[in-house]
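**Student:** My structure is below; once you've seen it, I'll send some questions.
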Amino acid sequence: MLDQYGRNIDYLRISLTDRCNLRCIYCMPEKGVVKKCHEDVIRFEEVLKIIKAAVPLGIKKIRYTGGEPLILKNISSLIKETSEIDEIKDIAITTNGILLYDLVEELKEAGLNRVNISLDTLKEDKFKHITRGGDLNKVLKAIEKCISVGIKVKINTVLMKGINDDEIKNFIEHTKEIPVEVRFIELMPIGEGEKLYKTSFMSSSEVLDKFPELIPLESSKSSTASMYKLNGAKGKVGFITPLSCKFCSDCNRIRLTSMGTIKPCLHSAKEIDLKESLNDEVLLESVLKDVIYNKPSQHNLEYDSKSQSLKMMYQIGG
Ligand code: SAM
Ligand code: SF4
């Protein structure tokens with residue numbers, strides 16, 4: 001369905017939980033988050049109801065994220081049930097990759113097409129520091145396995161000056177031999193990222209200036225990344241620039257948070273609680289229709305230096 005600015009909204013991102021098995025320095029407080037009551041967190045059957053109500057409005061792509069979606073038991077059954085909805089043409093997850101290795105086959109079998117894996121460093125000690133305790137090898141093994149079974153892999157790397165900017169070359173060179181898309185994401189001033197933003201923000205253009213060998217590629221209109229490639233490389237390099245060059249005019253997505261609210265824009269304060277409409281299919285569809293039509297034209301992150309979002313990244317899912 002088109003929103004009032006003519007954007008075709010066909011993509012629903014769903015944060016299934018605000019819990020996580022890591023504590024990345026730009027995302028989660030060191031001590032974790034206060035555990036929510038069971039009733040406050042969206043349940044799988046509610047998620048499926050919302051997807052089914054969104055399908056007649058033109059939603060075709062689903063991404064499950066979190067928190068960490070793979071800590072949830074039965075995630076494969078949710079993916080399977082989602083894949084049984086005919087109109088859904090693409091199912092992806094965003095994960096930190098820690099629990100992925102053992103789940104790869106069953107997720108593929110269930111209908112998973114693509115996976116985005118967050119990876120900000122290729123050094124073991126630094127990985128432990130950034131994630132506050134994670135094991136890099138588990139993620140690297142999972143990436144290899146996904147590629148070997150034919151699941152498309154994108155690696156999400158948050159750019160942080162003074163933390164991982166010394167590894168940008170290694171990430172880019174990784175794409176020479178491995179068919180992955182490495183996507184550098186500008187650090188956003190949201191949640192824990194707000195403190196780090198002041199000292200460690202690095203724009204994509206700073207990186208591009210240092211790597212003139214990256215050849216620009218055509219990217220699809222709704223893609224949030226501008227794409228590049230090294231000559232002869234198997235993989236690609238993308239830049240996601242929510243601050244330095246925002247992509248709001250081509251934004252095609254809405255987000256369901258782990259608390260059951262819909263966010264039409266990642267960085268706006270606007271949220272609509274769906275819990276009240278879950279038992280009435282007609283009402284649910286009409287609330288979603290209204291949300292899509294009235295999606296804000298853009299965020300103002302670059303002027304505010306602070307997200308207006310009332311939810312944190314681990315509740316929205318990025
Ligand atoms: N736990 C999963 C993961 O890490 O991939 C999914 C949820 S995580 C919130 C989704 C994405 O948001 C990750 O790629 C993460 O790097 C990104 N992210 C979290 N906080 C961020 C921030 N302040 N700025 C930029 N990206 C951020
Ligand atoms: Fe967890 Fe993902 Fe946030 Fe890291 S970025 S703390 S893995 S939700």
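Since every read-out is calculated from the coordinates, none of them should be taken as a lab result. What you see is a predicted model, and the numbers here were worked out from it, not measured in a lab. Every residue, glycine among them, receives a Cβ derived from its backbone with ideal geometry; neighbour counts consider all protein chains shown.
**Student:** Considering only DSSP beta bridges whose two residues both sit in region 165-297, what percent are antiparallel, to the nearest 5? The partial results should precede the final answer.
**Tutor:** Values: 10 of 15 bridges.
Expressed as a percentage, antiparallel bridges in region 165-297 total about 65.
**Student:** While we're looking at this one, here's another question. By the scheme Lys and Arg +1, Asp and Glu -1, what is the net charge of all other residues having a beta-carbon under 10 Å from that of LYS154?
**Tutor:** The answer is +3.
**Student:** Continuing with the same structure: Debye sum, Cα scatterers, region 98-176, no solvent: what log₁₀ I/I(0) at q = 0.13 1/Å?
**Tutor:** Here the Debye-derived log intensity ratios amount to -0.42.
**Student:** Net charge within 12 Å of ASN74 by Cβ-Cβ distance, Lys/Arg positive one each and Asp/Glu negative one each, not counting ASN74 itself?
**Tutor:** Details: positive: ARG43, LYS73, LYS80; negative: GLU45, GLU81, GLU106.
Summing Lys and Arg as +1 and Asp and Glu as -1 gives 0.
**Student:** Over 28 Å, how big is the tail of the calculated P(r) for the chain, in percent of all Cα pairs? Intermediate results must be reported in sequence, preceding the final value.
**Tutor:** Details: 18869 of 50403 pairs.
That fraction is 37 percent.
**Student:** How big is region 13-81 in terms of Cα radius of gyration and Dmax, in angstroms?
**Tutor:** Using the Cα atoms of region 13-81, the pair Rg, Dmax is 13.5, 42 Å.
**Student:** A follow-up question, please. Given R₀ = 30 Å, what would the calculated FRET efficiency be for GLU281 paired with VAL149, taking r from the Cβ atoms and rounding to 0.05?
**Tutor:** Numbers: r = 37 Å, r/R0 = 1.22.
Computed FRET efficiency for GLU281 and VAL149: 0.25.
**Student:** Apply the Kirkwood formula to region 212-318: the hydrodynamic radius equals the inverse of the mean of 1/r over all pairs of different alpha-carbon atoms; give it in Å with one decimal.
**Tutor:** Working: mean 1/r = 0.0629 Å⁻¹.
Evaluated over region 212-318, this radius sits at 15.9 Å.
**Student:** Per residue Cα convex hull volume for region 1-40, in cubic angstrom? Please report the intermediate quantities before stating the final value.
**Tutor:** Values: hull volume 5.8 nm³, N = 40.
Spread over its residues, the Cα hull of region 1-40 gives 145 Å³ apiece.
**Student:** For the chain, what does -39500 (n - 2.57) per DSSP helix run (n ≥ 4), summed and divided by total residues, give at 222 nm, in deg cm²/dmol to the nearest 500? Write out the running numbers ahead of the final one.
**Tutor:** Numbers: 11 runs with 95 residues, N = 318.
Value at 222 nm, helices only, nearest 500: -8500 deg cm²/dmol.
**Student:** I need the Kirkwood Rh of region 150-239: take the reciprocal of the average 1/r across all distinct C-alpha pairs and report it in angstrom.
**Tutor:** On the way: mean 1/r = 0.0732 Å⁻¹.
Taking every pair of different Cα atoms in region 150-239, averaging 1/r and inverting gives 13.7 Å.
**Student:** A follow-up question, please. Can you tell me which of 115-125, 205-215 comes out highest on packing, and rank the rest after it, using the mean Cβ neighbours within 10 Å?
**Tutor:** 115-125, 205-215
**Student:** How long, wide and thick is region 31-173, going by the Cα atoms along their three principal axes, in whole angstroms, largest first?
**Tutor:** Principal extents (largest minus smallest coordinate, Cα): 47, 37, 28 Å.
**Student:** Could you give the distance between the Cα centres of region 1-52 and region 117-144, to the whole Å?
**Tutor:** 23 Å
**Student:** Extent of region 69-111 along each principal axis, from alpha carbon coordinates, in Å, largest to smallest?
**Tutor:** Dimensions of region 69-111 along the principal axes of its Cα atoms: 31, 16, 16 Å.
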